[in-house]
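So that we are looking at the same thing, I have put the structure below in structure tokens.
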Amino acid sequence: MASSFSSSMRGGRGRKFKSEINVVPYIDVMLVLLIIFMVMPSANDPSVVDLPSAERSTKPPSDYVQVVIKPNGALSIGVKGKGEEAPETAPNRDALVRKLRTIHTDHPDYPVLIAGDKESKYDDVIQLISEAKKMGINRVGLSTK
């Protein structure tokens, strides 16, 4: 009896542990996440700027320079009104400021309206307002819904 007890303690006929990882649940989770990330971007239209809401204080001017700041940092600038120009995209803020400077020399009396998306950085909007003021543009406004 003592011999059967000692052999079972030593693991003579004991269980063998498997040292494998079951990856099926991980694959299932990854497929679900992949489907979610594939469906989500189709719901957002990147060309739409989601402006913040506010009460309208005054009627916007008929002719103005519009600067658009999208949440991903994309910038565009164009003239709206009589001498309407198609909006041009700018690769960075310096290029946008140069374009704003040339538009301002062509149309010195046009105000600047900045259309910043709700999700765009506050710093980007403030920097553009500051650059416009440095150029001598006194009428700078924010576009809202």
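The values are calculated or read from the model by the stated rules, or taken from the named source; none is laboratory data. Every value quoted in this text rests on a predicted model; they were computed, and no experiment measured them. Using ideal geometry, Cβ is built from the backbone for each residue, glycine included, and neighbour counts are taken over all protein chains shown.
Among the residues of the stretch 70-85, are any assigned by TED's automatic domain parsing to the domain that holds Met135, in contact with a Gly (Cβ under 6 Å, 6 or more places away or on another chain) and outside any loop (DSSP other than H, G, I, E, B)?
no
Specify the residue that is nearest to the chain's Cα centre (by Cα); the eligible residues are those in the stretch 127-140 that are buried (at least 16 other Cβ atoms within 10 Å of the Cβ) and within 21 Å of Ala54 (Cβ to Cβ).
The residue in question is Leu128.
I'd like to check something: does the stretch 58-69 contain any residue that is modelled with pLDDT under 75 and either exposed (fewer than 10 other Cβ atoms within 10 Å of the Cβ) or touching a helix residue (DSSP H, G or I) at 6+ places or on another chain (Cβ under 8 Å) (or both)?
Scanning the stretch 58-69 turns up at least one residue that is modelled with pLDDT under 75 and either exposed (fewer than 10 other Cβ atoms within 10 Å of the Cβ) or touching a helix residue (DSSP H, G or I) at 6+ places or on another chain (Cβ under 8 Å) (or both).
OK, next. Test Ser76 against the criterion of being farther than 17 Å from Val140 by Cα and surrounded by 18 or more Cβ atoms within 10 Å (Cβ to Cβ), and give yes or no.
no
If a residue has to be assigned to a helix (DSSP H, G or I) and more than 17 Å from Gly78 (Cβ to Cβ) to count, how many in the stretch 105-130 make the cut?
Of the residues in that region, 8 qualify.
Among the numbered criteria (1) within 25 Å of Pro52 (Cβ to Cβ); (2) touching a residue at least 40 places away in the same chain (Cβ under 8 Å), which single criterion is violated by Arg93?
All conditions pass for Arg93, except number (2).
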